[in-house]
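Reading through the structure tokens given below for one structure.
The values are calculated or read from the model by the stated rules, or taken from the named source; none is laboratory data. The structure presented is a predicted model; accordingly, all values stated were derived computationally and were not measured. Counting neighbours? That spans all protein chains shown, and the Cβs are built from the backbone with ideal geometry, glycine included. When the accessible area is computed, the model is the full protein with side chains, heavy atoms only, and any ligands, DNA or RNA have been set aside. Shrake-Rupley method; radii C 1.70, N 1.55, O 1.52, S 1.80 Å.
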Amino acid sequence: MENKKTAKLETGDRILKILECFTLDKPEWGVSELSEHLQVYKSVAHRALVTLENRGFVKQNPVNQKYTLGIKLFELGMIVANQMNLRSIAKPIMEELCEQTNETVMLKIVDHLKASA
């Protein structure tokens, strides 16, 4: 029996890899360049993008035919933001730390922290 780390749905994994390709530096992807980047068939990348587009996760620019992230991801992000009550919990601690040290205090969230070799 597979454990949680090895059990995965290949199609779901591929879709998530596509979404992870969109970055601030590269917010727009064409089907061909995405398929080449992920080393998948162009038809596979296209079907995945169409599926994501139908659900609002990406949208296609009608002028250049490239894809960008869609509003659905923003909606989901807002749900995550609303669930994170971190600011209200951290605020009194941060204010106390600021008073004690007379320094600026910032709250940051580190995600996917990896140790470098």
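How would you rank 69-80, 24-35, highest first, on the average number of other Cβ atoms within 10 Å across their residues?
Answer by packing, highest mean first, reads 24-35, 69-80.
Taking the protein heavy atoms of the chain in the context of the full set of protein chains, the accessible area attributed to carbon and sulfur is 56 percent at 1.4 Å. Descending by average beta-carbon neighbour count within 10 Å, the peptides 57-67, 84-94, 43-53 line up as 43-53, 57-67, 84-94, the highest first. With no solvent and one equal point scatterer placed on each C-alpha of the chain, evaluate the Debye formula and give log10 I(q)/I(0) for q = 0.12, 0.15, 0.16 Å⁻¹, two decimals. Scattering profile of the chain, log10 relative to I(0): -0.66, -0.86, -0.92.
In this Cβ point-charge picture (+1 for Lys and Arg, -1 for Asp and Glu), the chain has a dipole of about 520 debye about its Cα centre. Solvent-accessible surface of region 20-117, averaged per residue with a 1.4 angstrom probe and all protein chains in place: 83 square angstrom. Entry note, the chain: the mean residue ellipticity at 222 nm calculated from DSSP H runs of n ≥ 4, each adding -39500 (n - 2.57), is -16500 deg cm²/dmol after division by the residues and rounding to the nearest 500. When each of the peptides 14-21, 99-106 is scored by how many other beta carbons lie within 10 Å of its residues on average, the order from highest to lowest is 14-21, 99-106.
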